[in-house]
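Right, one structure below, let's go through it.
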Amino acid sequence: MRKITVSDRILFLVTCCIAAYKIVAGMDQYSSFVMGFYTVAFGVFVLAGLMLLLFGFELLTNRFFPVVATLIPISLSLGLVQEYLPQMAFSYSLFIGGIYILSVWVRFTADEKMAALVLALVHGVSGLLVFILPVVLYVHYGLTVTILLVSFGGLILSIEGIFLTLQKTGYLKMKLNTIFAWFPLILLTATAAFVGGLSIE
Amino acid sequence: MFAVIKKKIKLYRPLIKSLQTGLLLITGFTGFISSSCPVMNWRMTLGLLGSLFLTVSGSTILNMVYDRDIDSRMKRTVHRPLPSGQIKANEALLLGLTVSLLGIGWAYLLLPLYALVIFGGLFIDVVIYTIWLKRRTAWSIVWGGISGGMPILAGRVLGTGRIDGIGLLFMLAILLWIPTHILTFSMRYYEDYQRAGVPTFPSQYGYRTTRIIIALSSVAAAISIGVGSFALGLSWGYLRLLSVLAVGIIGLALLSVYHPSEKINFGLFKYASLFMLGSMVMMTLGTL
């Protein structure tokens, strides 16, 4: 297992600071619901950064880590839908919230494969929404180009997540330490991209 | 002459537990700033930091003098200057008393009530906690907690000129946070404390009860800090971030109850310090 280095720690700390800044000072323009969803998303970034600082990369191999990490795309997608597609917000919240609760329940009761399948569904749907919705908003609704940073953040975080999953299941021959070596930088870049992309008025 | 002083300072430095003293100074500074005192008021700010540093350092040195026999029996502390014989007990006692008196004297010149509060902290820490209770009961940590809460109250007193509800709430928050800090530590160094004959919660009530107490105190500390920050008028942004950090400490405390491990235990110990530091930074930034 790769040992956490000083530069890793610095990157995690900067990630925490950027996400914390967004929570403290970057949400005044949102409605209460949107604010709540984004607080959860960036809160997970803050806590993930701090926990990785304390526990190292071993945390990423914990079986409950994906359950918590899935809160990032879920809450980001819920915030985006609430903000830009409010007419769909209620039904989407019920749908994604329902599958997420199911995924947590399955994690404690069913076997690993079933749990991974349900989690992949909820992670995949919400992750795709985080990637596609900003593109649609930019192309069809004339939002500024910075909204695409949200898609970019979602994309790189998803790629890292897919690599990690494929490596764990044996479909990818890349060394786990190589994936971990890139993780701090990817986490920081994704966090900065989300903060930048969601900072437009 | 210069070389001798340099050598002495190098020798004395481990006597003051710089991390612990630093954290207490930050809490004192936060208490001061929380009363909307301008940080550019150099006389008061330097006075606060200087007098607190001297008093906290003095009480730490006096504790080390009294506890040198315990320290000599614990692996973790056996290399400290007193048990290892690098400094004589009388020399350290003289140093501790001088530094403490200088700190309290400086505090008195700033504000007598402030001096009284930090003297209270020193008295509770050295006399009640260390000399009277530490070797008799595991519950001594309550008094250790009260003395740990004195710097933030003292800072607040220096800023407002009186003891107020917010100051007491902050002190309560530190008092409730202390068990998370100390009990996780006493579980990690269980053998050391057993060897030294110091009663601790894990040795008197078992690991599971200790973990439950840690979880409860974490929740209570998070609530106290939250209520205190709300009463202080911190913006919703800071309160949101505080809630996020509180979720972390409560989550880790619950994890240590349901999935106990040494790694979780020590992680909680470190996170508790980060939580306190983060809360203090937020309160400072939020008030500035």
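The values are calculated or read from the model by the stated rules, or taken from the named source; none is laboratory data. The structure presented is a predicted model; accordingly, all values stated were derived computationally and were not measured. Using ideal geometry, Cβ is built from the backbone for each residue, glycine included, and neighbour counts are taken over all protein chains shown. In case anyone asks, the SASA skips ligands and DNA or RNA and just uses the protein heavy atoms, side chains included. Shrake-Rupley method; radii C 1.70, N 1.55, O 1.52, S 1.80 Å.
For segment B:77-89, state whether one or more residues are under 30 Å from B:Thr284 (Cα atoms) and not assigned by TED's automatic domain parsing to the domain that holds B:Glu191. Can you show your working first?
Our first condition is that a residue be under 30 Å from B:Thr284 (Cα atoms); within segment B:77-89, this holds for none.
No: segment B:77-89 contains no residue that is under 30 Å from B:Thr284 (Cα atoms) and not assigned by TED's automatic domain parsing to the domain that holds B:Glu191.
Restricting attention to segment A:1-34, which residues are assigned to a helix (DSSP H, G or I) and at the interface with chain B (Cβ under 8 Å from one of its Cβ atoms)?
If we filter segment A:1-34 for residues that are assigned to a helix (DSSP H, G or I), which is where we start, we get A:6-25, A:32-34.
Hits for segment A:1-34 are A:Ala20, A:Ile23, A:Val24, A:Ala25.
So is B:Ile174 open to solvent by 10 Å² or more (accessible area, probe 1.4 Å) and touching a residue at least 12 places away in the same chain (Cβ under 8 Å) or not?
No; evaluated as a whole, the condition is false for this residue.
Quick one: would you say B:Gly121 is assigned by TED's automatic domain parsing to the domain that holds B:Thr21, touching a helix residue (DSSP H, G or I) at 6+ places or on another chain (Cβ under 6 Å) and either under 19 Å from B:Gly167 (Cα atoms) or not in a helix (DSSP H, G or I) (or both)?
On the way: assigned by TED's automatic domain parsing to the domain that holds B:Thr21: yes; touching a helix residue (DSSP H, G or I) at 6+ places or on another chain (Cβ under 6 Å): yes; either under 19 Å from B:Gly167 (Cα atoms) or not in a helix (DSSP H, G or I) (or both): yes.
Considered against the rule, which asks whether it is assigned by TED's automatic domain parsing to the domain that holds B:Thr21, touching a helix residue (DSSP H, G or I) at 6+ places or on another chain (Cβ under 6 Å) and either under 19 Å from B:Gly167 (Cα atoms) or not in a helix (DSSP H, G or I) (or both), B:Gly121 comes out as yes.
Condition first: assigned to a helix (DSSP H, G or I), without any contact (Cβ under 8 Å) to a residue 24 or more places away in the chain, out of contact with any Lys or Arg (no Cβ under 6 Å at 6 or more places or on another chain) and of a type in the set (A, V, I, L, M, F, W, C). Can you find one or more residues in segment B:38-49 that meet it? Working first, answer last.
Just the residues of segment B:38-49 that are assigned to a helix (DSSP H, G or I), to begin with: B:42-49.
Those still in the list that are without any contact (Cβ under 8 Å) to a residue 24 or more places away in the chain too: B:42-43, B:45-46.
Keeping just the survivors that are out of contact with any Lys or Arg (no Cβ under 6 Å at 6 or more places or on another chain) gives B:42-43, B:45-46.
Cutting the leftovers down to of a type in the set (A, V, I, L, M, F, W, C) gives us B:42, B:46.
Yes, segment B:38-49 has at least one match.
Quick one: count up the residues across segment A:60-76 that are within 16 Å of the chain's Cα centre (by Cα) and free of Cβ contacts under 8 Å to residues at least 12 places away in the same chain.
Count: 1.
If you take the residues of segment A:37-59 that are within 9 Å of another protein chain (Cβ to nearest Cβ) and touching a residue at least 40 places away in the same chain (Cβ under 8 Å), which of them is nearest to the chain's Cα centre (by Cα)? Explain how you work it out, then say what you get.
Taking segment A:37-59 and keeping what is within 9 Å of another protein chain (Cβ to nearest Cβ), we get A:39-40, A:42-44, A:46-47, A:50-51, A:53-55, A:58.
After this cut, where a residue has to be touching a residue at least 40 places away in the same chain (Cβ under 8 Å) as well, the list is A:42, A:53, A:58.
Values: A:Phe42: 9, A:Leu53: 18, A:Glu58: 19 Å.
Restricting to residues being within 9 Å of another protein chain (Cβ to nearest Cβ) and touching a residue at least 40 places away in the same chain (Cβ under 8 Å), the top hit is A:Phe42.
Open to solvent by less than 10 Å² (accessible area, probe 1.4 Å), closer than 14 Å to A:Ser126 by Cβ and away from every other protein chain (no Cβ under 12 Å), is that true of A:Leu80? Can you show your working first?
Working: open to solvent by less than 10 Å² (accessible area, probe 1.4 Å): yes; closer than 14 Å to A:Ser126 by Cβ: yes; away from every other protein chain (no Cβ under 12 Å): yes.
Considered against the rule, which asks whether it is open to solvent by less than 10 Å² (accessible area, probe 1.4 Å), closer than 14 Å to A:Ser126 by Cβ and away from every other protein chain (no Cβ under 12 Å), A:Leu80 comes out as yes.
Only one of these is out of contact with any strand residue (DSSP E or B) (no Cβ under 9 Å at 6 or more places or on another chain) and open to solvent by less than 50 Å² (accessible area, probe 1.4 Å): A:Val104, A:Val145, A:Val135, A:Val139. Name it.
Details: A:Val145 fails: open to solvent by less than 50 Å² (accessible area, probe 1.4 Å); A:Val135 fails: open to solvent by less than 50 Å² (accessible area, probe 1.4 Å); A:Val139 fails: open to solvent by less than 50 Å² (accessible area, probe 1.4 Å).
Result: A:Val104 is the single residue among A:Val104, A:Val145, A:Val135, A:Val139 that is out of contact with any strand residue (DSSP E or B) (no Cβ under 9 Å at 6 or more places or on another chain) and open to solvent by less than 50 Å² (accessible area, probe 1.4 Å).
Can you pull out the residues in segment B:16-42 that are modelled with pLDDT under 90 and either more than 14 Å from the chain's Cα centre (by Cα) or in the same structural domain as B:Leu172 (by TED's automatic domain parsing) (or both)?
B:Ser35, B:Ser36, B:Cys37, B:Pro38, B:Val39, B:Met40, B:Asn41, B:Trp42
Of these, B:Leu254, B:Leu216, B:Leu268, which one is more than 12 Å from chain A (Cβ to nearest Cβ), under 15 Å from B:Ile182 (Cα atoms) and not in a loop (DSSP other than H, G, I, E, B)?
Values: B:Leu254 fails: under 15 Å from B:Ile182 (Cα atoms); B:Leu268 fails: more than 12 Å from chain A (Cβ to nearest Cβ).
It is B:Leu216.
Go through segment B:145-171 and count every residue that is more than 18 Å from B:Tyr114 (Cβ to Cβ) and open to solvent by 10 Å² or more (accessible area, probe 1.4 Å).
Step one: filter segment B:145-171 for residues more than 18 Å from B:Tyr114 (Cβ to Cβ), giving B:145, B:169.
Checking which are open to solvent by 10 Å² or more (accessible area, probe 1.4 Å) leaves us with B:169.
Total meeting the criteria: 1.
When the residues of segment B:219-251 are narrowed to those that are in contact (Cβ under 8 Å) with a residue 40 or more places away in the chain, within 14 Å of chain A (Cβ to nearest Cβ) and polar (S, T, N, Q), which ends up most open to solvent (accessible area, probe 1.4 Å)?
In this case the residue turns out to be B:Ser235.
Does any residue of segment B:54-66 turn out to be open to solvent by 30 Å² or more (accessible area, probe 1.4 Å), outside any helix (DSSP H, G or I) and not assigned by TED's automatic domain parsing to the domain that holds B:Gly233? Spell out the reasoning first.
So in segment B:54-66, the residues open to solvent by 30 Å² or more (accessible area, probe 1.4 Å) come out as B:54, B:66.
Still in the list and also outside any helix (DSSP H, G or I): none.
Within segment B:54-66, not a single residue is open to solvent by 30 Å² or more (accessible area, probe 1.4 Å), outside any helix (DSSP H, G or I) and not assigned by TED's automatic domain parsing to the domain that holds B:Gly233.
In segment B:204-258, which residues are among the basic types (Lys, Arg) and within 18 Å of A:Lys22 (Cβ to Cβ)?
Listed by number, the list holds a single entry, B:Arg240.
For residues that are within 16 Å of A:Ala69 (Cα to Cα) and hydrophobic (A, V, I, L, M, F, W, C), scanning just segment A:177-201, find the one that is farthest from the chain's Cα centre (by Cα).
A:Phe180
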